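One structure is given below, encoded as structure tokens.
The values are calculated or read from the model by the stated rules, or taken from the named source; none is laboratory data. Worth saying up front: this structure is predicted, and the values here are computed from it rather than measured. For neighbour counting, all protein chains shown are included, and Cβ atoms are generated from backbone atoms with ideal geometry for every residue, glycine included.
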Amino acid sequence: MYTKEGIPFYDHTLAAVEYAAKKRMLVGIATNGDDLTRDKTRALRKSGLLSMTLSLHTETKKGLDHLIKGGRMAAEEGIIPTIQVVATSQTADSLPGIAAYTVENGILISATVVQEKGVNFSAVPTGESLVPSLEQLTTAYRGLRGLKKFGLVRNNRNFLSRSDEYFPNRWKCDPEKDHFIHIGAGGTIDVCQEVRTNLTFDDISGLKDPEWRKQKEALVEECNCLYQCYFEASNPDIKGDLTTIGVALLIRNGGAGLVRKWGQFAADRVKRLEPDIDWTLSLN
């Protein structure tokens, strides 16, 4: 794969990671894991990559194992791996099984809810909505909360325990606060990746500029969705994330093997404590 300038995509990514790391940024990438090799993963680590999110697009055992392979390779090189799962009405029931299998392999798990705004990363359904039921979310997230106690879930406890506040994708961020902003193509300052403004940093004097606040307030008024990362940024839980930080630091410092053993212990323990949850890895 190549960029529009003809640069191999991997080389472009490597250069971007190195540049951002030299600017003292915490750098993470999202990937489907298709082009990962040991040498490429090691080079990314040496360039300053901190974390890697592997998105589960194919809800099959083969698709998950493909990401597990990439995640384990990343962890062994000191990159903090997370497998990201999108919960839909069709997949939410299988989330606990996916989560247990993932952490048993020493990889963190993260979940979000399918979006249906129909802008950049979501699509308006042509038929019935794919948003899971509140019962599905409550059960799935109860399983993840158990694993969270062992530091193996990236989501914070507020997101996992307060689904009734945003179901069905009706949460709005606070337009008066900027816990999270999105810098879009061309340097636009956006409310999020789905809600864009026409402003750049050249157009305003800063985030206190009245024009930025005016546009954000008007756009948020029309919002009706949920992006897990924005919700968590607005509802942090530092105490609850301490164990996750500990697991991440252990991976970063060469403890991938120890984290796998910890994940196996955690999954076994939580399954015993939550026997009414279906922990079966029900993927074809």
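Some observations on this one:
- Among the residues of the range 15-37, the ones that are in contact with a helix residue (DSSP H, G or I) (Cβ under 6 Å, 6 or more places away or on another chain) and modelled with pLDDT of 95 or more come to 3 in all.
- The one condition in (1) in contact with a Ser or Thr (Cβ under 9 Å, 6 or more places away or on another chain); (2) closer than 21 Å to R157 by Cβ that K271 fails to fulfil: (1)
- Checked against (1) under 16 Å from the mean Cα position of the chain (by Cα); (2) over 30 Å from L134 (Cα atoms); (3) not in a loop (DSSP other than H, G, I, E, B), I68 passes all but a single condition, namely (2).
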